[in-house]
Amino acid sequence: MSGGRKICMTDSVGKELFSVPDGGVIRMFYGNGEDYFAVCRYLDETHAEIDGVRCAVREFAQRMEQNRISYAPA
């Protein structure tokens, strides 16, 4: 983990849910009872690399909501 940078995870409308440090891990919970861990890297205030995929945090939240996947810091 580096430099004290934090990734502010939001919902699809931008409401802050929680933050994870650069290099931190989130746990995603699928409706079938399975879960998955993903490493998060800070890119800028609104973008992160989550499990190797660069995206806007709100777009990530929209995809998770559409797929009914919840997530939390691991």
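The values are calculated or read from the model by the stated rules, or taken from the named source; none is laboratory data. Worth saying up front: this structure is predicted, and the values here are computed from it rather than measured. Cβ placement follows ideal geometry from the backbone for every residue including glycine, while neighbour counts extend to all protein chains displayed. Note: accessible area is taken over every heavy atom of the protein model, side chains too, but ligands, DNA and RNA are not part of it. Shrake-Rupley method; radii C 1.70, N 1.55, O 1.52, S 1.80 Å.
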Selection count where residues are in contact (Cβ under 8 Å) with a residue 40 or more places away in the chain and either among the acidic types (Asp, Glu) or open to solvent by less than 20 Å² (accessible area, probe 1.4 Å) (or both), scope region 18-59: 6
Over region 16-74, the set of residues out of contact with any strand residue (DSSP E or B) (no Cβ under 7 Å at 6 or more places or on another chain) and of a type in the set (A, V, I, L, M) is 53
May I ask you to verify whether residue 5 is surrounded by 14 or more Cβ atoms within 10 Å (Cβ to Cβ) and among the basic types (Lys, Arg)? yes
Taking region 60-74 and keeping residues out of contact with any Lys or Arg (no Cβ under 7 Å at 6 or more places or on another chain) and either open to solvent by less than 60 Å² (accessible area, probe 1.4 Å) or among the small types (Gly, Ala, Ser) (or both) leaves 60, 61, 64, 69, 70
